[in-house]
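Trainee: A single structure is presented below for examination.
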Amino acid sequence: MSDIHLDAENLARLFGISAADVRQVLGPHGVPPLSYRRPSASEREAILRDVHKHLEDPSLRISGENDSAVWERGWGQIRDVVAREGFNLRSLKPQYFRNQMVLRLAGDYACAPNDTFVTDVDVLLRRIAYSRYLAGSTSVLELGCGTGLNLLLLRDILPQAKLVGADWARASVEILDLASKESGSKISGMQFNMLTLEGRERLAIDSDTAVLTVHSMEQLGSGFQPLFDMLMQAKPRLCVHFEPIVELYDPAQLFDALAIRYHKKRNYLQDYLPALQRYAEQGLIEMLDVRRLGFGSQFHEAYSLVVWRPR
Ligand SMILES: C[S@@+](CC[C@H](N)C(=O)[O-])C[C@H]1O[C@@H](n2cnc3c(N)ncnc32)[C@H](O)[C@@H]1O
């Protein structure tokens, strides 16, 4: 199978912008040389078997429950790495990106050339998305910020902006405390629960704030309403979500039907996009973009963009 290059033209198509725009938003980082290949017939067979095995696995963790223990454990390990090695791209890499050699990319399974490909593409898509949708922001609040990877990328894109990360895991706040000790860092962290809204008084959202969620509302199942109501009351400037959006798959395609089954089995975010679309019809919010980028693990795609603002 020949290599497929993930070049500026391909990236531009995903975002609905021009290749020149991609180069411009990436600035000095440029478009790294990234290529992958499609699986052979026997590899595809093995991928499908593995996907089915996971779909039948009773031990897969289910989202939507009010329990942060698994995140405390995972981010506690990362906090210890950050304490030793500093707040940087390598130290903030979440454990779940390890050993992802089979991915979903541009409508089909993709074989990665090495085990850094997944994070190379992940960071590239994040950089383009934030440069494009959060340009000019003076204040960004990330809900469910995890290791703080997005805030690190945003510090580069928006050097003057106030950057706040909120997460229910204490360990996550401790990582951001370490980041804020770095000289000149505008990053800070606070504890907040997106399901119960515990800690909401600390968030201080105002009309300058852009709210960002990345792979974190996915964890709410269908429990997004209190958070949405809170956002509507607080009236931020903008809300940018980078999440798996189940309604953007095509159930008639086997490739997508498998992702829908996986998404539902994990109880990831559902009904959020239709709810936003209803609010937009009622004139309560304005939808600015809805976009499936078509990248993900072999099981599903957590890279759909939904951008809106309260009216
Ligand atoms: C998959 S990680 C994504 C982390 C980060 N946004 C990123 O892009 O790397 C999901 C994050 O959501 C957080 N999270 C899950 N449920 C939450 C809740 N109810 N309230 C606050 N944070 C939550 C987890 O602690 C974790 O940090």
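The values are calculated or read from the model by the stated rules, or taken from the named source; none is laboratory data. Just so it is clear, the structure is predicted and the values come from calculations on it, not from any experiment. Virtual Cβ from ideal backbone geometry, glycine too; neighbours counted across all protein chains shown. Just the protein is used for accessible areas: all its heavy atoms, side chains included, with ligands, DNA and RNA removed. Shrake-Rupley method; radii C 1.70, N 1.55, O 1.52, S 1.80 Å.
Trainee: May I have the pair-distance distribution P(r) for the stretch 1-119, computed from all Cα-Cα distances with 10 Å bins from 0 and rounded to whole percent?
Mentor: 10, 27, 32, 27, 3
Trainee: For the chain, which whole percent of the accessible surface, found with a 1.4 angstrom probe, sits on carbon and sulfur atoms?
Mentor: The computed percentage sits at 49.
Trainee: Take the alpha carbon atoms of the stretch 1-73, find their center, do the same for the stretch 74-134, and report the distance between the two centers in whole angstrom.
Mentor: The stretch 1-73 and the stretch 74-134 have Cα centres separated by 10 Å.
Trainee: For a label point 7 Å from the Cα of ASP206 along Cα→C-beta, name the residues of the stretch 214-234 whose backbone N is under 19 Å from it.
Mentor: Hits in the stretch 214-234 for ASP206 at 19 Å: 231-234.
Trainee: Quote the FRET efficiency, to the nearest 0.05, computed for ASP289 versus SER185 with a Förster distance R0 of 30 Å and r equal to the Cβ-Cβ distance.
Mentor: Computed FRET efficiency for ASP289 and SER185: 0.50.
Trainee: Please report, largest first and rounded to whole Å, the three semi-axes of the ellipsoid equivalent to the stretch 121-174, where each semi-axis is the square root of five times an eigenvalue of the C-alpha gyration tensor.
Mentor: For the stretch 121-174, the semi-axes come out at 19, 13, 8 Å.
Trainee: Same structure again: Divide by every residue of the chain the summed helix terms, -39500 (n - 2.57) for each DSSP H run of at least 4, and state the resulting mean residue ellipticity at 222 nm, rounded to the nearest 500 deg cm²/dmol.
Mentor: When only DSSP H runs of four or more count, the value is -11500 deg cm²/dmol.
Trainee: Measure out, as a whole number of angstrom, how far apart the alpha-carbon centroids of the stretch 233-311 and the stretch 180-217 sit.
Mentor: Between the Cα centre of the stretch 233-311 and that of the stretch 180-217, the gap is 21 Å.
Trainee: Mind listing P(r) for the chain? All alpha-carbon pairs, 10 Å bins, whole percents.
Mentor: 6, 26, 37, 25, 6, 0
Trainee: Taking a temperature of 37 °C and a viscosity of 0.692 mPa s, what whole-number D in µm²/s does Stokes-Einstein yield for the stretch 141-197 with Rh from Kirkwood over alpha carbon pairs?
Mentor: For these conditions, the coefficient is 297 µm²/s.
Trainee: From the P(r) of the stretch 109-207, can you give the percent of Cα pairs sitting at distances over 25 Å?
Mentor: Every Cα pair in the stretch 109-207 considered, those over 25 Å come to 25 percent.
Trainee: Where only protein heavy atoms count, and the probe is 1.4 Å, what is the accessible area per residue for the stretch 4-310 in Å²?
Mentor: It amounts to 43 Å² per residue over the stretch 4-310.
Trainee: Of LEU212, LEU11, ILE157, which is farthest on the positive side of the dipole of the chain, counting Cα position, with +1 on Lys and Arg Cβ, -1 on Asp and Glu Cβ, and the Cα centre as origin?
Mentor: Projecting each Cα onto the dipole axis, the largest value belongs to ILE157.
Trainee: Let me ask something else. Set the Förster distance to 30 Å, then compute FRET efficiency between THR116 and LEU48 from the Cβ-Cβ distance, nearest 0.05.
Mentor: Once rounded, the FRET efficiency stands at 0.75.
Trainee: Right, another one. Using only the Cα atoms of the stretch 75-125, what are the Rg and Dmax in Å?
Mentor: For the stretch 75-125, the Cα radius of gyration and maximum Cα-Cα distance read 12.9, 40 Å.
Trainee: Moving to a separate point now. Roughly how many Å² of TYR96 are accessible to a 1.4 Å probe, to the nearest 10?
Mentor: Approximately 110 Å² of TYR96 is accessible to the 1.4 Å probe.
Trainee: Label 7 Å along Cα→Cβ of ARG170; the stretch 64-86 residues with amide nitrogen under 17 Å?
Mentor: Correct set: 67-80.
Trainee: For the pair ASP250 and GLU72, how long in nm is the line joining their label points, each one 7 Å along Cα→Cβ?
Mentor: Spacing of the two 7 Å Cα→Cβ label points: 4.5 nm.
Trainee: For GLN277 paired with SER222, estimate the spin-label separation in nm (one decimal), with each label point 7 Å from Cα along the Cα-to-Cβ line.
Mentor: Going by the 7 Å Cα→Cβ label model, 1.7 nm.
Trainee: Let me ask another. Would you check the stretch 4-310 for Lys pairs whose C-alpha atoms are within less than 28 Å, ignoring same-chain pairs closer than 8 in sequence, and give me the count?
Mentor: Total qualifying Lys-Lys pairs in the stretch 4-310 comes to 12.
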